[in-house]
Amino acid sequence: MTDQNSPSAAYIHGTATSERSRLDDLNALTNRSFIDYLNLSAATMVADLGCGPGTLEAEIGARYPGVRLTGIERSESYCATARERTARLAGVEIRHGDATTTGLPDDMFDVTFCRYLLEHVASAADVVREMVRITRPGGRIVAQENDLLYVVYYPEIAGHAEVMDRFCELQSQMGGDPFIGRKLFSLFDRQDVESVDLDISAENYTARCPTAFRAWLSNSMRILQGARPALIERRLLGERTIDAVLATMQARIERPEGVALFHWDRVTARKKGGTSASSPLER
């Protein structure tokens, strides 16, 4: 994550102090799956670009105490929170810095990753270039991002498709990319990378599991609530339209119904120059 006041990016969601509880709730739903995907059992040196408030760092540090994890975060307030959350983990270091110019040495990390970052930056290619630079030959470069083409509720929420379309337009206007997930292969398909593997991680919630259903839908609703002022101010949506959608989402949270469907797009690339494809860091 980067600072919402950065000249290179303007966030719709994720950086305001009020967003931290939402991010913590989202992390509670998604961290375990992503840590499994990272598979750090054979890694020693790991970097996270855009580590946010450090929830993921705390879990990785606890699960892999032998890993040396460096988190880079541009928001000073998030750096402070991340340092507090990882203070007892000797293997975790949080640095204030930019994901495009980390200041870290070349060829240093076994695994370099980012998550929920590339959709917000002015140049995702610059971040990927930096990730590859600081990864050792044969090391892995990993990302997980969204693609807002696929946000589905059934029964359908009247007006939700229009709201999401305008939300995506707003994010594009602010310098982000709501469709970055579909572009991951192209971003990571570079001359200094020898393999690029794609994957998806489903987030499917049903009314039969109401706790998780409510948590997921609450996260989505709070994102739209945060974007509401900008959507109205820029005349992308009228108050009546977005408020009707938010009201329906709130009603469905209070009384879960049907399903909520989504998936994250994932990529794992390997930097050229490793000893072999049978490296112990192979996923």
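Just so it is clear, none of the values below were taken in a lab; they were calculated from the coordinates. Predicted model only: the values in this text are computed from it and were never measured. So basically every Cβ, Gly included, is an ideal-geometry build from the backbone, and we count neighbours across all protein chains shown.
A few comments on the model shown:
- Sequentially through segment 128-145, phi angles give Karplus couplings (6.51, -1.76, 1.60; θ = phi - 60°) of 4, 4, 5, 4, 5, 4, 8, 8, 6, x, x, x, 9, 10, 10, 9, 10, 9 Hz, Gly and Pro residues having no value and appearing as x.
- Pair Asp25, Glu239: separation of 7 Å Cα→Cβ label points (nm): 2.4
- Counting only DSSP beta bridges with both residues in segment 17-271, the antiparallel share comes to about 55 percent.
- Across segment 221-229, computed HN-Hα scalar couplings (Karplus, 6.51 cos²θ - 1.76 cosθ + 1.60, θ = phi - 60°) run 5, 5, 5, 5, 4, x, 7, 3, x Hz from first to last residue, x flagging Gly and Pro.
- Anisotropy class of segment 56-111 from Cα gyration tensor, a/c 1.5 cut: oblate
- Cα-based Rg of segment 17-271 normalised by 2.2 N^0.38 Å, two decimals: 1.03
- For Gly71, residues with placed amide H under 5 Å, excluding near neighbours: Asp48, Glu93, Ile94, Arg95
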